[in-house]
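J.: Can you read through this structure? Questions will come right after.
The values are calculated or read from the model by the stated rules, or taken from the named source; none is laboratory data. Please read all numbers here as calculations on a predicted model, not as lab measurements. Cβ coordinates were reconstructed from backbone atoms using ideal geometry, including for glycine residues, and neighbour counts include every protein chain displayed. These area figures cover heavy atoms from the full protein model, side chains too; ligands, DNA and RNA do not enter into them. Shrake-Rupley method; radii C 1.70, N 1.55, O 1.52, S 1.80 Å.
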Amino acid sequence: MAPAQGQFSDHSDSADSKDKDAAEAPPVPPAFRSAVDALRSARLRPELEVETTRPPQRLAPHAYALEAAVVDGEDDLADGRLVLLHDPAGHDAWQGAFRLVTLVRAELEPEMAADPLLPEVCWSWLTGALDARGLSYGEAGGTVTRAGSHYFGALSARRPATQIEIRASWTPREGRGGVPDAAAHLMAWGDLLCQIAGLPPSDPTDAAVVTLPQRRGPQVS
């Protein structure tokens with residue numbers, strides 16, 4: 001993750017890779033560039049360490065990806081990945097031209113892991129984070145997976161652990177110029193990460209303003 005809390009850092013590639021990407025990349029639509037610029041100016045909690053990463057290939061003509069971790073001292077309490085996809089021609093399954101895709105993971109306390117309603121609760125954290133920001137979205141879908149680990153032999157001193165994983169996607173509603181409020185969706189996603197990490201809610205006015213240095217254009221897959 002990024003070396004400084006509450007800060008973005010660019011994902012770096014070799015010069016040859018950058019030249020190849022520039023040669024193969026289609027022109028970046030203004031709507032997508034505006035959405036990426038909004039991600040770079042989002043207000044996030046200082047416990048979040050965020051950096052750009054290479055987006056998945058072939059999911060959409062244009063894609064931009066972020067990785068994040070909720071950090072407490074030297075401990076990562078939760079981590080995740082958020083991908084912004086854009087198809088200027090629109091996508092029937094998305095019911096729009098943009099799509100957000102996420103993976104969020106965390107290790108849970110035993111008391112919470114034993115809750116039979118845990119999957120439903122975790123899904124409600126995702127939709128609740130979006131609703132709390134007043135965001136309009138559609139076609140939300142995903143899975144919540146609970147996995148337990150028990151240790152044996154040389155590792156038998158470790159206590160059993162339970163991991164929760166949320167995989168989800170949704171279509172952010174587009175505003176003026178066909179651009180969604182990408183910054184607000186990123187902030188809601190950050191709220192979800194902090195909630196699954198067990199952090200208390202914070203006052204939005206306390207969040208630090210962080211920006212992602214622009215050393216190159218948005219990643220295009």
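J.: What is the set of long-range amide H partners of residue 44 at a cut-off below 5 Å, with H atoms built 1.01 Å from backbone N?
T.: Residues meeting the criterion, in which the H sits 1.01 Å from N, are 208, 210.
J.: When the dipole is taken about the Cα centre of the range 84-135, and only Lys, Arg (+1) and Asp, Glu (-1) are charged at their Cβ, what size is it in debye, to the nearest 20?
T.: Around 280 debye, computed over the range 84-135.
J.: Can you list the HN-Hα couplings for the range 142-147, worked out from phi with the Karplus curve (6.51, -1.76, 1.60; θ = phi - 60°), rounded to whole Hz and with x for Gly and Pro?
T.: x, 9, 10, 10, 10, 10
J.: Turning to a different aspect of this structure: Ratio to report: Rg/Rh of the range 60-125, with Cα atoms as the point set and Rh obtained by the Kirkwood method; give two decimals.
T.: Here the Rg-to-Rh quotient is 1.12.
J.: Next question. Magnitude of the Cβ-charge dipole of the range 40-158, K/R +1 and D/E -1, about the Cα centre, nearest 20 debye?
T.: Dipole about the Cα centre, nearest 20: 500 debye.
J.: Could you please put 137, 64 in sequence from largest to smallest accessible area, using a 1.4 Å probe?
T.: 137, 64
J.: Distance in nm between label sites at residue 89 and residue 161, each 7 Å beyond Cα in the beta-carbon direction?
T.: 4.5
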